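Below is one structure, written out as structure tokens; comments come after it.
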Amino acid sequence: MGVLERRAGAMHVQAQQQRPAVGVRRDEAGLLGDLSPRRLGGRLPGLQMTPRLQPSPEQAVAVQDRAPGTDHDGRRGHVHGVGTLVPGSFQPVELDQEVRLGVALPLVGRLVRSHQPNQLGSFHHPRIPTTPRLAAGRRELGRGGRGVRFAPMCAAENEFVAASFNVHAGIDGWGRPHDVLGVCRQLDADVLVLQESWRPEGRPSLAAQVGEALGYQVTEVNLAHGRRAGPHPGATARWMRRLDWRTTSHAIFLDSERPFAKRVMDSARFRGAEPGSWGIAVLSRLPVRETEIIPLKRLRRDRANRAVVALSVEVNGRPVGIAGTHMSHLSHGSALHFRAVARMLEGVFGDEPVLLAGDMNLWGPPIHALLGQWHRAVKGKTWPAWRPHSQLDHLLVRGLAVRDSGVWPESGSDHRPVWARLALDRP
């Protein structure tokens, strides 16, 4: 019998004697809200969670649950859930090998990958996402085989969670909607930068809807006008028709700066699409001291204007600069904008710690060459979301320490969100 088996057997006996093996503290939202199957990136059907321990209402304690399960190789095993006693919040965790209580959470990095088709029908194999709030909790392997202890889930006073998400107007390439609000709720960031937020004429933008639902202060700017089409009747399981960014079957038509070809403008899909505007937004739950919209020089080949949304927020009583943007393509002249942004942010924020976030439409190394002394908080492929080969979405920091970071799984857009838990260099 191996060491892990001996430890697991001893822990199982302890649990039967009603001595909790794992202590769990919870934040305001509760730990198990962060361990839902959707958040873990997989579907876990047919598993029942029945608590064996009966904790007092005043305490958050470990609950051991056991249900028969089968791992991704088809072998029989056991699945255990750990969490606080929150009604309706228990969610099972499926592992890629047979495990016992006390081994499950230390092996959380080996959670089985999802092989389920997403809502658009394409298959993806993401790593189980480490949620920003879950990552903020310190994981420790207890001594003597006692399992894992979670520190409070909230970040330290001098830390905050930042995220960036290009939402593609809330639709896929065929015009089918995806759940922007749900993804933003799961990201649970203190500062959230959204690109390609769509504002239908006479109605609130996607960013405004997220802000109202999740309690953010929203600062946004429109960068182009155009039309957004509804679901295409010929849509397939693909995210969009191959190489179909500007033809009559696409879903977003930005024509305020450069008109489309006559055949596109005469198409029934273009004429039937809803008019509106397309832009970027910075959403903050941190206290906002100042806001400023910094326009960038018009690029002749670009279909949109470009700008930087700059905020000065307060973290533990200290000012931190937040800048959100959506850069053009390098072939359109974005190098000029990168150099201009570096100078502008130096003038706006001085020597304050600064986060520059957004869809940069450029890889990390050339960004570093253009911006200079900025560091990438996240390194991972983000585009195209269904089979990413490049990182276009970035969180760039100056004067901030990176405690944890990651790329979120495919979420309906053609870009994957990125997130990071950041801290002031000095408390």
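The values are calculated or read from the model by the stated rules, or taken from the named source; none is laboratory data. Just so we're clear, the structure is a prediction, and the values are computed from it rather than from any experiment. So basically every Cβ, Gly included, is an ideal-geometry build from the backbone, and we count neighbours across all protein chains shown.
So which pairs qualify, if the first residue must be in segment 376-389 and assigned by TED's automatic domain parsing to the domain that holds Val418 and part of a loop (DSSP other than H, G, I, E, B), the second must be surrounded by fewer than 19 Cβ atoms within 10 Å (Cβ to Cβ) and aliphatic (A, V, I, L, M), the Cβ gap must be under 6 Å, and the two must be at least 6 apart or on different chains?
Between residues of segment 376-389 that are assigned by TED's automatic domain parsing to the domain that holds Val418 and part of a loop (DSSP other than H, G, I, E, B) and residues that are surrounded by fewer than 19 Cβ atoms within 10 Å (Cβ to Cβ) and aliphatic (A, V, I, L, M), the close pairs are Ala377/Val402.
Out of all the residues in segment 256-265, is one or more within 23 Å of Pro204 (Cα to Cα) and of a type in the set (Gly, Ala, Ser)?
Yes - at least one qualifying residue is present in segment 256-265.
Could you tell me which numbered condition Pro275 fails, if it satisfies all but one of (1) over 23 Å from Gly202 (Cβ atoms); (2) modelled with pLDDT of 95 or more?
The single condition Pro275 does not satisfy is (1).
Yes or no, residue by residue, for (1) out of contact with any Asp or Glu (no Cβ under 9 Å at 6 or more places or on another chain); (2) modelled with pLDDT under 95; (3) not hydroxyl-bearing (Ser, Thr, Tyr):
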| position | (1), (2), (3) |
| --- | --- |
| Ser267 | yes, yes, no |
| Gly279 | no, no, yes |
| Pro287 | no, no, yes |
| Glu290 | yes, no, yes |
| Arg303 | no, yes, yes |
| His326 | no, no, yes |
| Arg339 | yes, yes, yes |
| Gly358 | no, no, yes |
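Keeping to segment 307-322, report how many residues are over 12 Å from Leu345 (Cβ atoms), part of a strand (DSSP E or B) and free of Cβ contacts under 8 Å to residues at least 60 places away in the same chain.
Residues meeting the conditions: 2.
If you take the residues of segment 334-347 that are surrounded by 15 or more Cβ atoms within 10 Å (Cβ to Cβ) and free of Cβ contacts under 8 Å to residues at least 40 places away in the same chain, which of them is farthest from Val218 (Cα to Cα)?
My answer is Ala335.
So how many residues does segment 146-168 have that are at pLDDT 80 or above and at positive phi?
Total satisfying the criteria: 1.
So Ala342 ticks every box in (1) assigned to a helix (DSSP H, G or I); (2) of a type outside the set (Lys, Arg); (3) within 20 Å of Leu192 (Cβ to Cβ) but one. Which box is left unticked?
Failing condition for Ala342: (3).
It is to be established whether one or more residues within segment 265-285 are closer than 30 Å to Glu352 by Cβ and in a loop (DSSP other than H, G, I, E, B).
Yes: segment 265-285 contains one or more residues that are closer than 30 Å to Glu352 by Cβ and in a loop (DSSP other than H, G, I, E, B).
For segment 413-422, indicate whether the set of residues that are farther than 21 Å from Ile322 by Cβ and in contact (Cβ under 8 Å) with a residue 40 or more places away in the chain is non-empty.
Checked against the condition, which is being farther than 21 Å from Ile322 by Cβ and in contact (Cβ under 8 Å) with a residue 40 or more places away in the chain, segment 413-422 yields at least one hit.
Determine which member of the set Pro231, Pro259 is in a loop (DSSP other than H, G, I, E, B) and either free of Cβ contacts under 8 Å to residues at least 24 places away in the same chain or in the same structural domain as Ala323 (by TED's automatic domain parsing) (or both).
When all the criteria are applied, what remains is Pro259.
Which of the following residues is over 19 Å from Glu196 (Cα atoms) and either more than 25 Å from the chain's Cα centre (by Cα) or not hydrophobic (A, V, I, L, M, F, W, C) (or both): Arg301, Arg376?
Details: Arg301 fails: over 19 Å from Glu196 (Cα atoms).
Of Arg301, Arg376, the one residue that is over 19 Å from Glu196 (Cα atoms) and either more than 25 Å from the chain's Cα centre (by Cα) or not hydrophobic (A, V, I, L, M, F, W, C) (or both) is Arg376.
Those residues that are hydrophobic (A, V, I, L, M, F, W, C) and surrounded by fewer than 20 Cβ atoms within 10 Å (Cβ to Cβ), I need them from segment 180-217; list them, please.
The answer is Leu181, Ala208, Ala213, Leu214.
Within the group Gly350, Gly372, which residue is free of Cβ contacts under 8 Å to residues at least 12 places away in the same chain and surrounded by fewer than 17 Cβ atoms within 10 Å (Cβ to Cβ)?
Matching residue, one of Gly350, Gly372: Gly350.
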